[in-house]
Every structure is written in C-alpha cells, then in structure tokens.
Amino acid sequence: MSGNRNKRSFRLVSAMLMAGVSPLFASAAHAQDAAAEADGLSEIVVTAERRAESSQKVPLAIQSISGETLAKTGYTSITDLQYTMPGVQYDPTQGAAFQIRGVGSTSFDFSNAKSVSVVVDDVVMDGQRANGLTGLVDIERVDVLMGPQGTLFGKNATSGVIAVTTGKPRIGETSVRASASFGEHDERILNATVNIPLGSIAALRVSGFDQAFDGYGRNVTLNRKVGSQHEYGGRAKLYLEPSDSFNLTLSGDYAYHWDSSVRTPVSGQPANVTAILNSLGVFPGPKSADTADSSFGEITTEEWGTSLRVNAKLGDLDLTSISAYRRTRYDNSTPANLTPVDQYAYIPFNLGYLDTDKVSQEIHLASPTGGFVEWLLGGFYNNLKARQTQLQWATLGAPLYDANGVPRPTLVALTGAIGVDANASLFDAQNETMAAFGQIKFNFTPQLSLTLGGRYTHDNVSQRLDFITVDPVRVAGYTPSFVGSSAAPAINYGKVSGDNFSYRIAPQYQITNNVMLYASYSTGYKPAGIAFVGNKYAPYRDETVKAWEAGIKSEWFDRRLRVNVDIFRSDFKDFQATILTKIPDGAGGFLNATVIGNAGGLRTQGVEGNVAVQPVRGLTLSGALTYTDAKFTDYVYNATTDYTDTRLTNSPKWAGTAAIDYETEFGSGFGVRAHADYAYRSEYWTVVGQPDYSNVPGYGLVNGRLTFSLPDKNIEFGVYGRNLFDKYFSTGWQVYGALGLLHYTSPNARRTVGAFVNVSF
C-alpha cells in the first residue's frame, strides 16, 4: 500500500510541476527575445575577513548559500547543509559534528574541541552535542570557509568554519513574513519574521519557527514511530543606531529539539533475538528502520543564549566587540535491547544528562580599506564548561523480568566501578581559550597584494570523572543491586595547558578586474585533551595541521558566468581520531566503546570547483564538484592494529551539487518560479578501518519546488518535493556488542511531497 501511495504522490507532484513548467518553456523564448542581455549573477558578499566584500576578491576557498536558496531546497536543519555544499559532511553518530574536506571531530569526549566551528552572527557555538542553530528561519547567508581558520575568527578551527548570518533589524521598516508548509509523513514547517521600527534610531526583529515530521520506522511493541522529530524556537534582535559612528545589536535566542532517532537492527543479532523480532513483525535489514524494544529511545536538546554586538567608529578605525553567553541542555535516553525486555535485554537503561554553559568575549580593531596597508587586530576569550551524568545499567542478554514479572535483582553498572558504591558516572570538563590574532594586507599594486595573518593561543583543558548514585526507582522503577564493570581509574582528574602560534600567508594577483589568482599556506591547532575510556585515564596530545591551497576565481561576460577552481592539501600531525575499542562488560566479556586518541598522521587533498551561469534573464544554472582523498598516513593503535592508508570516515571521494532556477512574470503580473537541485556523494564508510560492514553506497538526491506568485507579490504558494526519486541511504553503521550490526536512518532517505504558502507585507 505504501508503495502505491508513493507512486501516486510522485505522479501528483510530477503533474503539478509539469503543469507549472509548461508555460515557462513557452515564455522562455519570449524572455530571451525581449532581453538580449542577461541581468547577470548576483554578487556574493561575505565577511570571511571580517569585512563586507565580494567573495570573488577573497583569497580563500568559500562555499556560500543564501537563505533564499536554502528555502528552495526544502531542507529544514543546519545539518542538511551537507546536501547543498559538496565539501561538507555531517556525522550524526560519534558525538555528532561537521566535517570539511573529509576532516572533523567525531568524539564523545567532553574536553575535545571541534575541528569545524559553527559561528552564528560571529558567536562560536562550541557546546558539546549541539550545533548552536536549530531551524533555518530568517537566515540571510551561510558561508563555509574551507581549511584551517584562526587568524581572523575567535575560535581556532583546524578544518574550517561554517559562518551563519541571520537577518538584521531594519530601521524605518515595518514588515511581516510568514510561511507554512505541509507534506507527507505529517511534515509541517511553520515560521514567521516580524520587523518593527522603534522610532528613528532603533528596530526590533523577531522570528519564530515550529517544525515536525513522523519517523521512518516503527517501534512495534510500543506502536510508536521511530525517527520522528519536533523542533521549535525563536530569535529576537534589538538594533540601536544613535549615530553614524555607533550601533549595537542585542540578541537572544531559544531552540527546542526532540527526536526518536535510535539505532535499529540490520544483521548479526543472536538467533534468539532474531526469532523474537521476526515473531513481532520486525525483519532486520539494510532498509529496515523498525525495532521492538519495549523502552522508547529519545533525545531532547534545549539551547538558549544572548549576545551583544557593539560597533564604533574611532576616527577611521572600526572597533567591534562581541559578548556572548550560552547554555545547552542535552538529555538522551537510548536503550539498546531491540526486543521486549521481558524476553531479552542488553542495556535497558542508558541515560545521559549533559549541561553546558559558556561565556565568550571577542574584540577587534580594523583599519579602513583601500590603502597600501589594511590591518585587523583582535582578542578572544572563551570559557566552556560541561557537566554530564551518564548511567548505563545492563543485563547483557538476560531478560529484565522473569516469567512471573519479577525484575532482575542485579544489574551491571557499566558506568560504575568495581568496589565503588555508585551506579553512574559524573564528568566535569572545562575548556578555556585565550587568544590574540591579527591580519595585515599589503596592496603593492592594484593587481598584487599579500596577506599575512597570525594567532597566538593559550588553552587550559581539564576533566574529572567521579562516581555517583542515581536513585534507581526513578529510572528503573525498583531497587536492584549493582555490579561494576571495571576498576575505578587510578587518576580521576587531569589538566593540560597548551600554547600555539599559527599563521597564514596568502598572495593574490588580480589578472583583470574579474579574474583573480591566489595561493595560501596556513597552519592550525587544536588543544590536547583528557579522556576516560573504560574508567581508564587516557589523555591525548594536541593536533596541528599545515595546509596549502591555490585557486582561481573568475567572472565572465558581464558577470553572466562565474567559475572558481582550487586545489588543496592538508597534513595533520597527531590527529585526534576516534575508533571503537573493547572494554570489560563486567560479566567476563567485552563491549565496544568509542575511544579518542592520536593518529600519527593524516592527509587530505583534492580539487574543488563551482560554476554558475545565467544564459538568459530569469534562468540560472549552477553546480559544484569536489574530489577529496582523505586518509591516515600513520595510525597504529595499541601497537596491534594498523589503520595506515585507510580512508577517513564519512568522507566520500566525490561529492557534487547541481541546480537550475527559472522565473518569469506574465503581463498580468502573475509570476512563476521553478527550482530543482541534485546532490550526489560517492560511497564512504562510517567506522575507521571497517569498510565492509559500515559501507554506505553512493547516492544522489533530487529536490524540486514550484512557486506561483500573485500580482501584488504579497502571496506565494506552490508545491515541493524532497528526494523525488525516493533514494534510500543509511547515515551510520555500528557494531554494538552482542546486538550485532545496527544503523541509523535519515528522514531525508525517503520522498516527501507537500505544499506551501508564503505571505509577506
């Protein structure tokens, strides 16, 4: 039945798209005759060097997407950027983090800094298990800066920066924008933005969103969807501009996220588990997202924060100050049993409660542009604290209840310790960063310039592991006794400090006003950290990188054609890698656990290119392609396992995107816009050194959107289709002890068709 519904949905959206596109072809010839010249591609203005300037003039590989283009794709989360920018990936499994050019942080360790920084309105979002932005409402632009960044951004990032700019309040303007989308799988996307002038020197901008959808799979025991999601939140900005030389923006935001995305079985389960699952109608496989666990898995995240941005003119100099405070609450309940716990249980109670808070202060002073010398100097302070309570209580295969419904009297506390009267772990971590950074640019001639940047960083990183007792009645409903799985650590607290100077050298040559050659050499650094693996104290060293890049940025035919190409190579030393290792389970066996450590060497190299063309007015074609060869050049773990020459996880060799946009307006004022995009990535795997069982075959996703606008332009409506060809893929594979091979399923791995309406005035 579902297959027939999918076919009908696809036919419906195809018919609607063709109905709307047909007049476009008829009008395309007319548009071409009426306008012998195209309007030209829109200029992309970025602040990659903390100044508003054309992306084509910046000696750095940048991938940008506007908020309007993001809306056309139909994607709803910042993590979906991976399908719009071929050099970006997102790993939802080992700690959840972005990767750029194949490299990123995928770790559950609380003292581990992120390789890719997400920066929203110049505030670093570095809270563990969070990306700092939920819901893509009122987004002005997203810029991805490829390669090491640190000489201009507050937080050092060894792999890149994702810089998000949200809408700014506008003085003297009253406006309202609202949008509602409804689609298959009970998908709803609601958002609104209001801009209110407050006299002649101030304005307030408020935006909000609410979005949700049903999951891909089903928990047959509880009759609930698996993989469902609900998010809501808002942002408010107050802008004051008492004079031309002074302004400030006070911002506040809140976001709530809930999902039931849990691991589901694929293969390798014990025979009795497979029999139980089959009897309940669950048949494990690479395309199954069903489970029969009688404990429901869910994750809840709350993020909120405030920031104050002050800009002041000091003569010809620009002074900017950015102060921020943020908090995150991350609660996860992810039991791992697969079946009703009165028949078979593995880890029936798996709960984590993480709270983070951070303060940051950034200040920089910039010279005017256009002279022989342009410079910027800055300072940065960031203090991030994380506190996590984690409990894992296991039966390791025995049912939690016997035939009479009596609960098991003893549980293995995987988060306890042998000989310690406690059943849970308490982690306290602190990451403190102080840095001074700057950049100077010499404009030797109108064509030739040289940029030099530097950054000095001092880090203090600490972490403590304690054992505490959580009331079992509140969690399990009764009071069992507990057996620890491994000995308490000989060292339960560690602190490391580090100092680093990283720098960047970037010459550029403007061949013509629209063609620029550039090259750069840069270094980067991530601080050392403290980890506890199986209750063992396991510190790891700092990570450094040396990166080379060269490219050409060009525009042709009065900005009707834009072509950018670059080559890159980054060599990492002591890369902070994550793999699976075995720890005692307390019953004579072993469990797979995620461990972070240093790989001696890592290299990523490749080619990136993007092109955009506007052959006639109203028609734009664009595409991007990336080839990335990312692998370990020196990685021997525990002197027993050699991962040298193995590829990085979640790093496809080939990734590309393509899009087509066409819009026209009829004499009556009635308008039509059509958009289609395609995202492709070649095969990759999700576990280091395990390409056989964790392989994700290559796949491509096609999205489409057809928009109709009324003559007054205040109302738009249309249809959309995401993953139109219903291409299935998994987001992560994992061998989870005796439970065998499990995986996650993405909501983007199914076709979703719907309709929307936009209102503005």
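Rule-based calculations on the coordinates, nothing more; no lab input. Only a predicted model underlies this, so the values are computations on that prediction, with no experimental measurement involved. All Cβ positions, glycine included, derive from the backbone under ideal geometry; neighbour counts span all protein chains shown.
Could you state the angle between the C-alpha long axis of helix 2-34 and the longest principal axis of the C-alpha atoms of the chain, as a value from 0 to 90 degrees rounded to the nearest 10? It is inclined by approximately 10 degrees. Among the chymotrypsin sites (Phe, Trp or Tyr not before Pro) found in the range 332-405, those both in a DSSP coil and sparsely packed, with 12 or fewer other Cβ atoms within 10 Å of their Cβ, are Phe372.
Here, the range 406-520 is characterised by an Rg to Rh ratio of 1.42, where Rg is the alpha-carbon radius of gyration and Rh the Kirkwood radius. Restriction of the trypsin sites (Lys or Arg not before Pro) in the range 274-344 to DSSP coil positions whose beta-carbon has at most 16 other beta-carbons within 10 angstrom yields Lys287.
Students often check this: by mean Cβ neighbours within 10 Å, which of 600-612, 272-284 ranks highest, and how do the rest follow?
Numbers: 600-612: 19.2, 272-284: 16.5.
The peptides rank, most packed first, as 600-612, 272-284.
Peptides 511-523, 242-254 ranked from most to least packed by the mean count of surrounding Cβ atoms within 10 Å: 511-523, 242-254. Label-to-label distance, Leu308 versus Trp258, with points set 7 angstrom from Cα along the beta-carbon direction: 3.5 nm. Charged neighbours of Gly600, selected by a Cβ distance under 9 Å, balance to -1 (K, R count +1; D, E count -1). Annotation note: GluC sites (Glu not before Pro) in the range 495-578 located in DSSP loop regions with a Cβ neighbour count of at most 16 within 10 Å are absent. Take 417-429, 118-130, 165-177 and order them by the average number of nearby Cβ atoms within 10 Å per residue, most first; the result is 118-130, 417-429, 165-177. Our summary gives the chain a relative contact order of 13 percent, counting only alpha carbon pairs under 8 angstrom and 6 or more residues apart. Set against the labelled values (i) 1.37; (ii) 0.97; (iii) 1.10, Rg/Rh (Cα atoms, Kirkwood Rh) computed from this structure falls on (ii).
How big, in percent, is the set of alpha carbon pairs in the range 710-761 lying more than 16 Å apart?
On the way: 833 of 1326 pairs.
Cα-Cα pairs of the range 710-761 separated by over 16 Å account for 63 percent.
Here the Debye sum runs over all C-alpha atoms of the range 616-761 as equal scatterers in vacuum, and log10 of I(q)/I(0) at q = 0.09, 0.12, 0.18 Å⁻¹ comes out as -0.46, -0.69, -1.08.
The orientation-averaged projected area of the convex hull spanned by the Cα atoms of the range 377-457 comes to 11.5 nm².
Relative contact order for the range 592-738 using alpha-carbon pairs under 8 Å, separation at least 6, rounded to a whole percent? Walk me through the numbers before you get to the answer.
Details: 320 pairs, mean separation 25.2, N = 147.
Once divided by the residue count of the range 592-738, the mean separation gives 17 percent.
In plain terms, if you count all Cα to Cα distances in the range 174-299 and split them into 10 Å steps from zero, the share in each step is 12, 27, 20, 16, 12, 8, 4, 1 percent. Sequence-distant contacts, meaning Cα pairs under 8 Å at least 6 residues apart, place the relative contact order of the range 350-406 at 43 percent.
Counted over the range 488-555 with a bin width of 10 Å, the fraction of Cα pairs per bin, in whole percents, is 17, 27, 20, 16, 12, 7, 1.
Using all pairs of distinct alpha-carbon atoms, the Kirkwood hydrodynamic radius of the range 206-253 works out to 14.2 angstrom. For the range 274-380, the calculated P(r) over all alpha carbon pairs, in 5 Å bins from 0 to the bin holding the longest distance, is 2, 10, 12, 11, 9, 7, 6, 7, 6, 6, 6, 6, 5, 3, 2, 0 percent.
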